[in-house]
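Working notes for the structure below.
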Amino acid sequence: MPGPDENVHPEATGEAKKLVDAHQDAQDLVFYSGWFCPFNQRVWMALEERKIPYQYREVNPYKKEAAFLKLNPLGLVPTIEVGQGSGKGLYESDVLVEFLEDLVPPSDDHPSIYPSGTYEKSWARLNVQHITKKIIPVSPPTGTHTYLVLPCLHAASDGRKTDIAPRRAQHYFSLQMRQDASGQASAREDLYTGLRTLLECKASGGPYFFGKQWTVVDMSLAPFVRRFYNLEKFRAFKDSEVGNGWEEYKAALLSRESLKATSSLDEYYTELLARYLNNTATSEVAKATRGGHHLP
């Protein structure tokens, strides 16, 4: 009997479907994708931002087909095959984004998604880690937690303290899946805190994290923000509670062309997100969220 997530809509829709259709010709890079996955969308946006040729192949990661497992033993998206038919697979969204940055030297034809300075690149990576550890997934259980405390994250400019107490934090996925009101309230506040502390590190002088340049930091968060409409409707998430210029930053993320071009229609996201809201999702993310452990 297949799990509910195995019956995912088989292809992208809307603007994303147009982009899929435009990337069916054979290329050296083959992008194995799941249209529905926000981690996958990070890499898709990186391919578009860097203007790197690729062939798009849709896969259903819940079916774990043998040919795909040869490229990625975990059977997860995103995955890139480096060299058509080579069998050389890479995976994990953060790894793939860095690979795409290193693959082609930055130029007008292939804009960089990292700042140019050595320190600034590392600062970008540190803030991507903040998004990964403090905004998106659940943390490991208490006692094994690795804390990321950036120097600008101790207090928000409006006087609200950031929470770095040693406890199991809850974030985007936890807020969706918690069924009890008190658990939702705790997860919602943790998500607010993660966003506030990121904004405390944001540069002034432009709409994006590094000011005028769109970078990997913005791209790491944008696909999840694209799905926040579900939290607003069903989990009482309010932009006004974040503060720190969040509403302006959110608008800048949502207006980015690479995000819009790789997005499917809301109704198809809503169908999948409903499985998280009623705690029936069977994805690896859902399993990790329930168990309070790392993603595989």
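Counting only helical runs of four or more DSSP H residues, what would the 222 nm mean residue ellipticity of the chain come to if each run contributes -39,500 (n - 2.57) and the total is spread over all its residues?
Numbers: 14 runs with 137 residues, N = 296.
-13500 deg cm²/dmol, from helical runs alone.
Packing around the peptides 206-217, 58-69, taken as the average count of other Cβ atoms within 10 Å per residue, puts them in this order, highest first: 206-217, 58-69.
Averaged over residues, the count of other Cβ atoms within 10 Å places the peptides 17-27, 227-237 in the sequence 227-237, 17-27, highest first.
Inter-part distance, the range 78-110 to the range 224-263, computed on C-alpha centroids, equals 27 Å.
For the range 259-264, 3J(HN,Hα) computed residue by residue from phi via the Karplus equation (6.51, -1.76, 1.60; θ = phi - 60°) reads 6, 5, 5, 9, 9, 8 Hz, glycine and proline entered as x.
Using the structure shown, select from Lys121/Lys212; Lys51/Lys260; Lys18/Lys260 the pairs with a Cα to Cα distance greater than 21 angstrom.
Numbers: Lys121/Lys212 15 Å; Lys51/Lys260 16 Å; Lys18/Lys260 11 Å.
Exceeds cut-off: none, every pair is within range.
A simple rule links phi to the HN-Hα coupling: the Karplus curve 6.51 cos²θ - 1.76 cosθ + 1.60 with θ = phi - 60°, which for the range 211-220 gives x, 7, 8, 6, 9, 4, 5, 4, 5, 5 Hz, with x for Gly and Pro.
Would you mind calculating the gained length between Glu248 and Lys212 on full extension (0.36 nm times residue separation, minus the Cα-Cα distance), in nm to one decimal?
Values: separation 36, 0.36 × 36 = 12.96 nm, distance 1.36 nm.
Going from the current span to full extension adds 11.6 nm.
Amide H to amide H distances under 5 Å link Leu29 with Gln55, Gly83, where only residues 5 or more positions off or on other chains count and H is placed in the peptide plane. Fully extending the segment from Lys63 to Cys201 would add 45.6 nm, taking 0.36 nm per residue of separation and subtracting the current Cα-Cα distance.
Compute the length gained on full extension between Ala26 and Lys260: take 0.36 nm times their separation in residues and subtract their Cα-Cα distance, giving the result in nm to one decimal.
Numbers: separation 234, 0.36 × 234 = 84.24 nm, distance 2.42 nm.
Here the answer is 81.8 nm.
Amide H contacts for Gly211 (H built 1.01 Å from N in the peptide plane; partners 5 or more residues away or on another chain; cut-off under 5 Å): Ala203.
Taken together, the values in this text are just the output of simple stated rules run on the coordinates, not laboratory data. The structure presented is a predicted model; accordingly, all values stated were derived computationally and were not measured. All Cβ positions, even for glycine, are placed from backbone atoms using ideal geometry, and neighbour counts span all protein chains on display.
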